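Chemist: Below is a structure I'd like to ask you about.
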Amino acid sequence: MEILAVLHFVVLAAFVGIASVFMLMALINYLRVRRALLTWRGGGQFWESPLGPALFTLVATAGLGIAWAQGADLPPSAYIGYPAGGAFWCIGAYLSRAVVITEYGIIHDVNRISQAVSWGQIVDYFVTPGDRQHRYVFLYQEGEEPGRQRLELRVPANASDAFQKIVNGKLDARFSFSAQVSHDRAIADE
């Protein structure tokens, strides 16, 4: 029985440690973002929130509460570890789902800032409006690789006007200038 208690403590300590590191890394990555113009999480839908971590925390805390009410003899580490690990996991997952629009581009995953798409990489985009969210699809060039990459963002309705203003300022002016230059070159070639 002593081996099971030690094994449980080791697994619980690993869970709390990993969850806290995940939360800290997500927080550090989120705070590293500079010149943010707009932020939202997921697509604004309930089911896109971190349900797994929230359900785990709720079930673990409820189970611990029931065990305590029935007088079960659980170690103090269980009463502290499961809710703390679940809370760390929830906070990390919440921060990780942030989409950050900056002066420089679109960060669609704060834990992978290196995969951000700069405004200069985007060669085209289109919007599909909806009631609760608008779907933006950006086509962008990745370095010297042939072909285009695709980034799809679901923008909540409450952020869509502000996001469209940013897109207009960053892309539409550049695209209209490129179209005008192409038109002028075509006329000059005639």
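Chemist: Could you work out the helix-only [θ] at 222 nm for the chain, with each DSSP H run of four or more residues adding -39,500 (n - 2.57) and the total divided by the number of residues, to the nearest 500 deg cm²/dmol?
Modeler: Details: 5 runs with 99 residues, N = 190.
When only DSSP H runs of four or more count, the value is -18000 deg cm²/dmol.
Chemist: Quick one: dipole size for the chain, taken about the Cα centre, charges +1 on Lys/Arg Cβ and -1 on Asp/Glu Cβ, in debye to the nearest 20. Walk me through the intermediate numbers first.
Modeler: Details: 15 positive and 16 negative charges, 76 e Å.
Value, rounded to 20: 360 debye.
Chemist: I'd like the distance separating the alpha-carbon centroids of the stretch 83-103 and the stretch 1-32, in whole Å.
Modeler: Answer, in whole Å: 15.
Chemist: Give me the extension gain from residue 144 to residue 165: residue separation times 0.36 nm, minus the current Cα-Cα distance, reported in nm with one decimal.
Modeler: Values: separation 21, 0.36 × 21 = 7.56 nm, distance 2.94 nm.
Here the answer is 4.6 nm.
Chemist: May I ask you to list the trypsin sites (Lys or Arg not before Pro) in the stretch 1-43 that are in a DSSP loop and have at most 12 other Cβ atoms within 10 Å of their Cβ? Don't skip to the end; give the middle numbers.
Modeler: On the way: sites: 32, 34, 35, 41; in loops: 34, 35.
Listed in order of number, the matching sites are 34, 35.
Chemist: What part of the accessible area of the stretch 34-135, given as a whole %, is carbon or sulfur when the probe is 1.4 angstrom? Write out the running numbers ahead of the final one.
Modeler: Details: 3630 of 5800 Å².
Of the solvent-accessible surface of the stretch 34-135, carbon and sulfur hold 63 percent.
The values are calculated or read from the model by the stated rules, or taken from the named source; none is laboratory data. What you see is a predicted model; the values in this text were computed from it and never measured. Because the Cβ atoms are built from the backbone with ideal geometry, glycine has one as well, and the counts that use them run over all protein chains shown. Accessible surface areas use protein heavy atoms only, side chains included; no ligands, DNA or RNA. Shrake-Rupley method; radii C 1.70, N 1.55, O 1.52, S 1.80 Å.
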